[in-house]
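Here the structure is laid out as structure tokens; the discussion comes afterwards.
No value in this document is a laboratory result; all are computed from the given coordinates. Source: prediction; values computed, not measured. Note: ideal-geometry Cβ built from the backbone for every residue, glycine included; neighbour counts use all protein chains shown.
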Amino acid sequence: MVGCAANPVTGKSQFMMVSEAQEIEIDKQHSPHQFSSDYGSLQDTSLNNYIDRTGKNIAARTHRPHMPYSFRGVNATYVNAYAFPGGSIAVTRGILLALENEAQLAALLGHELGHVNRRHTAEQMSKSVLTNLFVGGVATYAGTKSSGFGRLASQLGMVGAGALLASYSRDNEREADASGLEYMVRAGYNSNEFVGLMDMLRRMSKNKPNAIELMFATHPMSDERYRTAVEAVRTQYRSSRSFPLYRDRYMDHTTKLRSIKEAIQAMQKGESLMAKGKYGEAEIHFSKALRQTPDDYAGLVMMSKCQMAQKNYAKAGSFAEKAKTVYPQESQAYYLSGFAKIKQKDYASAYEEFKYYEKVLPGNPNTIFFEGLSLEGMQQIKKSANEYNKYLQIVNQGEKAKYAYQRLVKWGYIKK
Ligand SMILES: [Zn+2]
């Protein structure tokens, strides 16, 4: 598949080493890890279906209508939206709370659809030496871009925030804006709201720089980008400035979400304090959030991580347990619960948690390492060696690899 392909939007030849089938495969491999890292899809099915419906209505009018698009809200509270190359697209609760009407949601989804249609991820992978690493699996990417509570994140070996997201260039952004505007107008939305969305994001970058940091890191914002959009709306899309906003429809579907706005804001504060290593202060905000929404999965998982960072493993474990019961289909809580159990030397239970996690969300090699560690704790040396060996087939650097290697040497499976 190495060579040039006609870009679906521009028709121009584009250097491309990644086929459409590979784009879909990469999406399938990576997007579930990102969605889980963002605390899973919204359990508010009415809102989630509304986002999917809105997205698919626009997707049908794009240059690649045949792609397997899916749209969802995710429980994360920071402000972000992203697309995987096969068309799996997500928006966080943080950004859903900030949007003012459906036309702004359409602008946001339109921009993400722009990235998919212009094949930006595939194009970047084709240019990058990372291509093979990326295609090879989640492994090599996990954690590399994990911001925030670095040490714990790397100790945990969870997929770091944004670790699997493409970072687009300024050219990519300009192109995604152009396509996004075109698509939202085709779907009948007021073009003014494309600028409305940008205004909102720019305001937010002044007021809540931490919550929006990752979004601007992956989708770079610039004055030039803003001016281009303003100009396009003023000229090319002038006639669609009278199209509807669908504000009421957006407000109706987000009623429940907006009713817990304060809790979400408390989680945002807690997360930025976690990123600064201020765990005690972060805990105060997570407690506040959980007083308002005691069954909030993201809130419980964030609190579990906050306890973990403070080495309160029993507490961390009990928040993870509660998170499992409020959202059993989502896997991150199982991983945390497993880690807390290892720290409390309850190896047999830890092993069960990691085994379950690996079944639900395969592809993170750190799970294999922790299975090995649990088995070692259970004195099942042969089985443990087997897992360490599997781990070393995928990962050959870092603390965990060193540990696994030393064990295999010690037990005589590797001759020095
Ligand atoms: Zn973008």
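Looking at the stretch 208-222 only, could you name the residues that are of a type outside the set (Gly, Ala, Ser) and either within 16 Å of the ligand (Cβ to nearest atom) or in contact (Cβ under 8 Å) with a residue 24 or more places away in the chain (or both)? Before you say what the answer is, go through the steps one by one.
Filtering the stretch 208-222 down to residues of a type outside the set (Gly, Ala, Ser) leaves 208-210, 212-216, 218-221.
208, 210, 212, 213, 214, 215, 216, 218, 219, 220, 221 - these are the residues of the stretch 208-222 that are of a type outside the set (Gly, Ala, Ser) and either within 16 Å of the ligand (Cβ to nearest atom) or in contact (Cβ under 8 Å) with a residue 24 or more places away in the chain (or both).
Any chance you could count how many residues in the stretch 162-179 are small (Gly, Ala, Ser), within 21 Å of the chain's Cα centre (by Cα) and within 11 Å of the ligand (Cβ to nearest atom)? Walk me through it before giving the result.
Going residue by residue through the stretch 162-179, those that are small (Gly, Ala, Ser) are 162-163, 166-167, 169, 176, 178-179.
Still in the running and within 21 Å of the chain's Cα centre (by Cα): 162-163, 166-167, 169, 176.
Narrowing the set further to residues that are within 11 Å of the ligand (Cβ to nearest atom) leaves 166-167, 169, 176.
Total satisfying the criteria: 4.
Taking the criterion of being under 23 Å from the mean Cα position of the chain (by Cα) and either farther than 18 Å from residue 154 by Cβ or not basic (Lys, Arg) (or both), would at least one residue in the stretch 345-354 satisfy it?
First, pick out the residues of the stretch 345-354 that are under 23 Å from the mean Cα position of the chain (by Cα): 353-354.
Narrowing the set further to residues that are either farther than 18 Å from residue 154 by Cβ or not basic (Lys, Arg) (or both) leaves 353-354.
Yes; the residues of the stretch 345-354 include at least one that is under 23 Å from the mean Cα position of the chain (by Cα) and either farther than 18 Å from residue 154 by Cβ or not basic (Lys, Arg) (or both).
Rundown of residues vs (1) surrounded by 16 or more Cβ atoms within 10 Å (Cβ to Cβ); (2) in contact with an Asp or Glu (Cβ under 8 Å, 6 or more places away or on another chain); (3) not in a loop (DSSP other than H, G, I, E, B), yes/no style:
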| site | (1), (2), (3) |
| --- | --- |
| 359 | no, no, yes |
| 368 | yes, yes, yes |
| 374 | yes, no, yes |
| 391 | yes, no, yes |
| 396 | no, no, no |
| 405 | yes, no, yes |
| 413 | no, no, no |
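Just to be sure before I move on: is residue 240 over 30 Å from residue 127 (Cα atoms) and assigned to a helix (DSSP H, G or I) in the structure I sent?
On the way: over 30 Å from residue 127 (Cα atoms): yes; assigned to a helix (DSSP H, G or I): yes.
Yes, satisfied.
Suppose we keep only residues that are of a type outside the set (Phe, Trp, Tyr) and not in a helix (DSSP H, G or I) within the stretch 317-332. Which one would you say is surrounded by the fewest Cβ atoms within 10 Å (Cβ to Cβ)?
Within the stretch 317-332, the subset of a type outside the set (Phe, Trp, Tyr) is 317-318, 320-326, 328-332.
Within this subset, residues satisfying the condition of being not in a helix (DSSP H, G or I) are 328-331.
Values: 328: 11, 329: 8, 330: 22, 331: 23.
Filtering the stretch 317-332 for residues that are of a type outside the set (Phe, Trp, Tyr) and not in a helix (DSSP H, G or I), the one surrounded by the fewest Cβ atoms within 10 Å (Cβ to Cβ) comes out as 329.
Restricting to the stretch 225-237, and then to whatever is assigned to a helix (DSSP H, G or I) and free of Cβ contacts under 8 Å to residues at least 12 places away in the same chain, can you tell me which residue is farthest from the chain's Cα centre (by Cα)?
The qualifying residue farthest from the chain's Cα centre (by Cα) is 234.
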